[in-house]
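Only one structure is covered here, and it is reproduced in the block below.
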Amino acid sequence: MSASMQTTVQAGRPLLEVNDLKKHFPIKAGFFGGTTGYVYAVDGVSFSIQKGETLSLVGESGCGKSTVGKALLRLFDITDGQVVLDGQRIDDLSLGKLRPMRRRVGVVFQDPFSSLNPRMRVRDLLAEPIRNFGLAKDNADLEARLAKLMDLVRLPRDAVDRWPHEFSGGQRQRICIARALAGEPELIICDEAVSALDVSVKAQIVNLLQDLQKELGLAMLFISHDLAVVEHMTHRVAVMYLGRIVEIAPKRSLFAAPKHPYTEALLSAVPVPEPGAQRERIILKGDVPSPINPPKGCRFHTRCPYVFDRCRVETPELRSTGGAEHLAACHLHDKPEAENPLARNVALLA
Ligand SMILES: Nc1ncnc2c1ncn2[C@@H]1O[C@H](COP(=O)(O)OP(=O)(O)O)[C@@H](O)[C@H]1O
Ligand SMILES: [Mg+2]
């Protein structure tokens, strides 16, 4: 599967580039009060996505995944950094200039129940973005586009005349996906798009997204707290912890040989199909610290099973660990191999 997926990824200028993105939400003391602090929701995140590539963004609830997605959609102004779509900065574009760029990025959210207006028929839900982006030449073209969207998400064409409440959760999510595709985007952001669905429905929607990606050559940012879901459908994975990416790598490399203690712990909780092959479960101590007052040094040091003095004072940079495409932010990789517990993960590759 991954071999054929690889061929759809084109090298060259990335479709999306995110450079040192920061989003700090001010905390106000009362309605008229001044700013008393910040939620450091996203605090220096960089990655890129090629045309036709899926990058998954994973990590526990509250680590800043949705904030990254919303920043890409310009749902708010960012605090710092750059978002570059197909060579053009979009983070500082005026709303007028942003319009044509908006069409190029579609989005699917978690809850297919609240994201569809119950008072609109499917026809109008899908026609709305087509009209907003001025895509349909005439009525016949609009009808053709509606039919094509229904085909793409494998729903019967005549279902356009039904209401959202007439559909199951999985079918509604198909409508949300059709809506996301209405503008003929090059990138879609799926924010926990399958998290609310039952297991069997989840698999169907994951397969649909994967098919669409190949059929349409879409790039995808697949946001999920669930590593097990991600494994089946992604090219690369970025792991976030408290507003930062701690590891980013091609899927195979990350799953077989995690280079950050946090990734290693997350993976230890993912069930593996063969009995007996389960790695020893790593239980992290404590809770995720508050993004209002993140730990100094490495943000993960308060929970890391391998913490040493340097981790408490110096923030590790995200850098290559072995493979050029496999980056991790961990001081352990400066230690001799014999003293680096993550070095043993290489052996699992064989
Ligand atoms: N509009 C907002 N105002 C203040 N804090 C926010 C806002 N949106 C998100 N946050 C905070 O930012 C952090 C990251 O949130 P989010 O990006 O939603 O995480 P995730 O999607 O990984 O669960 C959380 O601590 C959350 O409470
Ligand atoms: Mg979220």
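The values are calculated or read from the model by the stated rules, or taken from the named source; none is laboratory data. Predicted model only: the values in this text are computed from it and were never measured. Neighbour counts are summed over all protein chains in view; Cβ atoms, including those assigned to glycine, are modelled from backbone coordinates with ideal geometry. The area values use the complete protein model at the heavy-atom level, side chains included, leaving out ligands, DNA and RNA. Shrake-Rupley method; radii C 1.70, N 1.55, O 1.52, S 1.80 Å.
Just a yes or no: is a residue in the range 100-115 without any contact (Cβ under 8 Å) to a residue 60 or more places away in the chain, within 20 Å of the chain's Cα centre (by Cα) and under 19 Å from Thr234 (Cα atoms)?
Checked against the condition, which is being without any contact (Cβ under 8 Å) to a residue 60 or more places away in the chain, within 20 Å of the chain's Cα centre (by Cα) and under 19 Å from Thr234 (Cα atoms), the range 100-115 yields no hits at all.
Within the set of pairs 6+ apart or on separate chains, which have a first residue in the range 141-164 that is open to solvent by 70 Å² or more (accessible area, probe 1.4 Å), a second that is not in a helix (DSSP H, G or I), and C-beta atoms under 9 Å apart?
Matching pairs, first to second residue: Glu143/Ala136; Asp161/Arg121; Arg162/Arg121; Trp163/Pro118; Trp163/Arg119; Trp163/Met120; Trp163/Arg121.
Out of the residues in the range 328-342 that are closer than 18 Å to Ala265 by Cβ and open to solvent by 20 Å² or more (accessible area, probe 1.4 Å), which is nearest to the chain's Cα centre (by Cα)?
It comes out as His333.
Can you confirm whether Arg172 is open to solvent by 60 Å² or more (accessible area, probe 1.4 Å) and among the basic types (Lys, Arg)?
No: the conditions fail for Arg172.
Might you let me know whether the range 303-325 holds any residue that is within 13 Å of Tyr262 (Cα to Cα), in contact (Cβ under 8 Å) with a residue 60 or more places away in the chain, open to solvent by less than 50 Å² (accessible area, probe 1.4 Å) and of a type outside the set (Val, Ile, Thr)?
No, the conditions are met nowhere in the range 303-325.
Within the range 216-233, work out how many residues are at pLDDT 95 or above and either of a type outside the set (A, V, I, L, M, F, W, C) or within 16 Å of ligand 1 (Cβ to nearest atom) (or both). Steps first, please.
As a first pass, look at the range 216-233 and keep what is at pLDDT 95 or above: 216-224.
So of that shortlist, the ones also either of a type outside the set (A, V, I, L, M, F, W, C) or within 16 Å of ligand 1 (Cβ to nearest atom) (or both) come out as 217, 221-224.
Result for the range 216-233: 5.
Would you confirm whether any residue within the range 133-142 is out of contact with any Asp or Glu (no Cβ under 8 Å at 6 or more places or on another chain), in a loop (DSSP other than H, G, I, E, B) and closer than 15 Å to Phe167 by Cβ?
As a first pass, look at the range 133-142 and keep what is out of contact with any Asp or Glu (no Cβ under 8 Å at 6 or more places or on another chain): 133-134, 136-142.
Among the residues that remain, those that are also in a loop (DSSP other than H, G, I, E, B) are: 133-134, 136-138.
Narrowing further to those that are closer than 15 Å to Phe167 by Cβ: none.
No, there is no match, as no residue in the range 133-142 is out of contact with any Asp or Glu (no Cβ under 8 Å at 6 or more places or on another chain), in a loop (DSSP other than H, G, I, E, B) and closer than 15 Å to Phe167 by Cβ.
Would you mind finding the one in Val39, Val18 that is within 16 Å of Tyr241 (Cβ to Cβ) and either in contact with a strand residue (DSSP E or B) (Cβ under 6 Å, 6 or more places away or on another chain) or surrounded by fewer than 22 Cβ atoms within 10 Å (Cβ to Cβ) (or both)?
Step by step, each of Val39, Val18 is checked, and only Val39 is within 16 Å of Tyr241 (Cβ to Cβ) and either in contact with a strand residue (DSSP E or B) (Cβ under 6 Å, 6 or more places away or on another chain) or surrounded by fewer than 22 Cβ atoms within 10 Å (Cβ to Cβ) (or both).
Name the single residue, out of those in the range 52-72 being within 13 Å of ligand 2 (Cβ to nearest atom) and not in a helix (DSSP H, G or I), that is nearest to the chain's Cα centre (by Cα).
Leu57
Please specify each residue of the range 193-241 satisfying the condition of being farther than 23 Å from Arg103 by Cβ and in a loop (DSSP other than H, G, I, E, B).
Matches in the range 193-241: Val194, Ser195, Ala196, Leu197, Asp198, His225, Asp226, His232, Met233, Thr234, His235.
Tell me yes or no: at least one residue of the range 70-84 is away from ligand 1 (no atom under 16 Å from the Cβ), surrounded by 12 or more Cβ atoms within 10 Å (Cβ to Cβ) and not basic (Lys, Arg).
yes
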